[in-house]
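**Student:** Let me give you the structure first, and then I'll get to my questions.
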Amino acid sequence: MRAVPHLMLEPAFDPSASNRDAIGIGNKASAALDVRHGTLLTLEDINVSFDGFKALRDLTLYIGVGELRCIIGPNGAGKTTLMDVITGKTRPDTGRAWFGETLDLTQMSEVEIAQAGIGRKFQKPTVFEALSVFENLELAQKADKSVWASLRAKLSGEQKERIEAVLATIRLRESRHRPAGLLSHGQKQFLEIGMLLVQEPQLLLLDEPVAGMTDAETEFTAELFKSLAGTHSLMVVEHDMGFVGSIADRVSVLHQGHVLAEGSLEEVQANEQVIEVYLGR
Ligand SMILES: Nc1ncnc2c1ncn2[C@@H]1O[C@H](COP(=O)(O)OP(=O)(O)O)[C@@H](O)[C@H]1O
Ligand SMILES: [Mg+2]
């Protein structure tokens, strides 16, 4: 995966205070969301079964405001199912799922959950290849409109500013007019993260974001996530332990649908049960 030259990444951008505000603080979702106890996401005793198979069992997890949480665990541990529950794609059989203090995720549709400020990035990038980088961001910002209605509708100054800020954040300012199909794999991933950011989410869910990326792209992703934390909460599922080690405050280890251990990466890596699960000892 070294074929993509380092030059594909634009130089680091030092966001001004005003840009930073445009990316995070003061967004629509946070204005409406009640997070008075500092917990953005509450999952308690979540159970999900598929034809009698328990994908999640009594899963309890809390994500704080501004926290960057990594979720690790072997294949089949339930990581993707966990994200499906948060985004309303899968309904838990039992358990509580709250966004802030007042939004019951188990009672909301997928669209309502997205509009409340939860953005999800899937493993495979899903950008519109024939449209430019800028147009992709424009479309994402007006996700409620059809493609053509959306491209015809004029952007407000504020919307344009936000797209500009996001272009800088994802280092694609100079590629704004390129068709998204011509971007590298990593750049498509960054564009898709940008497509989430223009929607001003408060919680970002990212499933294996650095899979298939070059070392330089992986490093930039780590920087990007760390810069988004604080003004956003992030839940990152990732197998790349080097990457996890470079970004994580706190790590949750999932095993057979349950949180096996939680703590710093060093702490969970020293946990006997975790070692057993990973090494089969
Ligand atoms: N829609 C589904 N129907 C049946 N089984 C499923 C479904 N989704 C997930 N599973 C099963 O649930 C378990 C957890 O899957 P998943 O959440 O994808 O794990 P992970 O993302 O940690 O690899 C796996 O055993 C998987 O086969
Ligand atoms: Mg998965």
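Derivation of every value follows stated rules applied to the coordinates shown; laboratory data play no part. Just so it is clear, the structure is predicted and the values come from calculations on it, not from any experiment. So basically every Cβ, Gly included, is an ideal-geometry build from the backbone, and we count neighbours across all protein chains shown.
**Student:** Between residue 57 and residue 159, take the C-beta separation as r, use R0 = 41 Å, and let me know the FRET efficiency to the nearest 0.05. Present the calculation step by step, with values, prior to reporting the outcome.
**Tutor:** Values: r = 43 Å, r/R0 = 1.06.
Given R0 = 41 Å and the Cβ-Cβ separation, E is 0.40.
**Student:** How much length would be gained if the chain were fully extended between residue 109 and residue 96, taking 0.36 nm per residue of separation minus their Cα-Cα distance, in nm to one decimal?
**Tutor:** Numbers: separation 13, 0.36 × 13 = 4.68 nm, distance 1.53 nm.
Length gained, residue 109 through residue 96: 3.1 nm.
**Student:** If you don't mind, there's one more thing I want to ask. Dividing the Cα convex hull volume of the range 53-96 by residue count, how many Å³ per residue is that? Kindly include the intermediate steps, with their values, before the conclusion.
**Tutor:** Working: hull volume 4.0 nm³, N = 44.
Hull volume normalised by residue count: 90 Å³.
**Student:** Taking a spot 7 Å from the Cα of residue 173 along the direction of its beta carbon, which residues of the range 198-234 have an amide N less than 19 Å from it?
**Tutor:** 198, 220-221, 223-225, 227-228
**Student:** What does the net charge come to around residue 225 if you take all other residues with beta carbon closer than 12 Å to its beta carbon, with K and R at +1 and D and E at -1? Numbers along the way, then the final one.
**Tutor:** On the way: positive: 69, 121, 226; negative: 67, 219, 223, 238, 249.
Taking every other residue near residue 225 into account, the sum is -2.
**Student:** Any idea what the alpha-carbon Rg over 2.2 N^0.38 Å comes to for the range 97-251?
**Tutor:** Values: Rg = 15.6 Å, N = 155, 2.2 N^0.38 = 15.0 Å.
So the Cα radius of gyration is 1.04 times the expected 2.2 N^0.38 Å.
**Student:** Ok, one more. What Kirkwood Rh does the range 240-281 have if only Cα atoms enter the pairwise 1/r average? Answer in Å. List each step's numbers first, then the result.
**Tutor:** Working: mean 1/r = 0.0951 Å⁻¹.
Across the range 240-281, the inverse of the average 1/r is 10.5 Å.
**Student:** If you bin the C-alpha pair distances of the range 173-281 every 5 Å from 0, what whole percents do you get?
**Tutor:** Pairs per bin, as whole percents: 2, 10, 19, 21, 17, 14, 8, 4, 3, 1, 0.
**Student:** Can you tell me the order of 68-79, 97-108 when each peptide is scored by its average per-residue count of other Cβ atoms within 10 angstrom, highest first?
**Tutor:** Working: 68-79: 20.6, 97-108: 17.0.
Going from most to least packed, we get 68-79, 97-108.
**Student:** If you don't mind, another one. Quick one: Kirkwood hydrodynamic radius for the range 211-261, alpha-carbon pairs, angstrom, one decimal?
**Tutor:** Numbers: mean 1/r = 0.0826 Å⁻¹.
Hydrodynamic radius (Kirkwood, Cα pairs) of the range 211-261 is 12.1 Å.
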